[in-house]
Amino acid sequence: MGDISKEKTKNTCDFCSNSTCSAAKPREGESQREFEERCQLLSRLCHIRHKIIVLSGKGGVGKSTVAVNLAAALMLAGKRVGLLDVDIHGPSIPTMLGLEDEVIQKDDDGMIPIELGDLKVMSIGFMLRNPDDAIIWRGPLKMGIIKQFLKDVSWGELDFLIIDSPPGTGDEPLSVCQLIGDLDGAIVVTTPQKLAAVDVRKSITFCRHLNVKVLGIVENMSGFVCPKCGEVTPIFGTGGGKKIAESMQVPFLGSIPIDLKIGQTGDSGQVFIHQYSKSPTAEIMRQIIKPILNLDSDNLKT
């Protein structure tokens, strides 16, 4: 049995020619099972070029909406993209993409993510027998399912994996950062008002404690654009995200206005940037992802 386990572990990393890879040998005090699991995890992650987590300091700022449209924008730009929903207690990605009735299947390579066009999606929402079921889990169980999403899902070759995390700095984002280890960075979503922007500081501090680069701040719901006259009304104030970005010395990626069609598409299971690709708001979203796309361009140059 021991020989079979060793052979299995070896095979998971056959594609890797890096002799300094952390999966080359067990760590001190690491059991054979832990070593095998880590090898399996790294073998998945090594096929994903860029991993980006989307955070928010508080709920209700449209973080999942930004994550969905970010992933879709990258896909429409010709990238191979995965979208991982690690909001264990309130998975909204299946509803936002019109995938509520989908069920996860398995094959010899693991769990098969749900595909929406060229976008691969995974969420615990696909595993619930009843969408009204409440998941009442503590930290270890949540870390276990997140590890399973990363280790046992057949993501294949991806250019980007976008990870939608629940609000705050709790178990889920901590698990993602610890398990992946080499995240390309985090995007922090806020709304303009001071109450939301103050919580952005906590998210940025969280990233710095874990040595995760902050790729930038997105200010969502930045003014309501009247669909009839075009007048912009700053319902939640203005400029909070940009001010925090400047004071914390992180990039400011842009401001997304309140657009009635964003809410309508999310409720109907459609993706705004795809359905309304020629709208001014969609153009703002495309500008926001430019620094993210540059990650792949910079990688190709090196």
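Here the Debye sum runs over all C-alpha atoms of segment 24-131 as equal scatterers in vacuum, and log10 of I(q)/I(0) at q = 0.11, 0.19, 0.21, 0.22 Å⁻¹ comes out as -0.45, -1.09, -1.21, -1.27. Quick one: check the C-alpha center-to-center distance for segment 113-186 versus segment 86-109, whole angstrom. Computed from Cα coordinates, the inter-centre distance equals 10 Å. The residues V61, V212, when put in order of fewest to most other Cβ atoms within 10 Å, stand as V212, V61. One equal scatterer on each Cα of the chain, no solvent, Debye formula: the resulting log10 I(q)/I(0) at q = 0.13 Å⁻¹ is -0.93. In plain terms, the residue of D171, D182 with the fewest other Cβ atoms within 10 Å comes first and the most crowded comes last, giving D182, D171.
Listed cross-link partners K51/K79; K120/K151; K58/K228 are compared with a 23 Å cut-off, the Cα-Cα value being larger for K58/K228.
The calculated FRET efficiency for T238 paired with D152, based on their beta-carbon distance and R0 = 51 Å, is about 0.70. Between Q275 and F252, the contour length at 0.36 nm per residue exceeds the alpha carbon distance by 5.7 nm.
Using the number of other C-beta atoms within 10 angstrom as an exposure proxy, rank K51, K151 with the fewest first.
Numbers: K51 22, K151 19.
If I rank by nearby Cβ atoms, fewest first, I get K151, K51.
Once you wrap a convex hull around the alpha carbon atoms of segment 197-302, what is its projected area averaged over all directions, in nm²?
Details: hull surface 34.8 nm².
If I average the Cα hull's projected area over directions, I get 8.7 nm².
Straightening the chain between Q178 and D108 buys 22.5 nm, computed as 0.36 nm per residue apart minus the Cα-Cα spacing. A Förster radius of 41 Å, combined with the Cβ-Cβ distance separating C229 from K290, puts the computed FRET efficiency at roughly 0.85. Calculated FRET efficiency, K213 to K261, Cβ-Cβ distance, R0 = 22 Å: about 0.10 to the nearest 0.05.
Below 8 Å between Cα atoms, with a sequence gap of 6+, how large is the relative contact order for the chain in percent? Spell out each step's value before the answer.
Values: 525 pairs, mean separation 66.8, N = 302.
Value for the chain: 22 percent.
Each value in this text was obtained by applying a stated rule to the coordinates, not by laboratory testing. In this text, all values refer to a predicted model and were calculated from it rather than measured experimentally. When we count neighbours, we look across all protein chains shown, and the Cβ atoms used for this are built from the backbone with ideal geometry, even at glycine.
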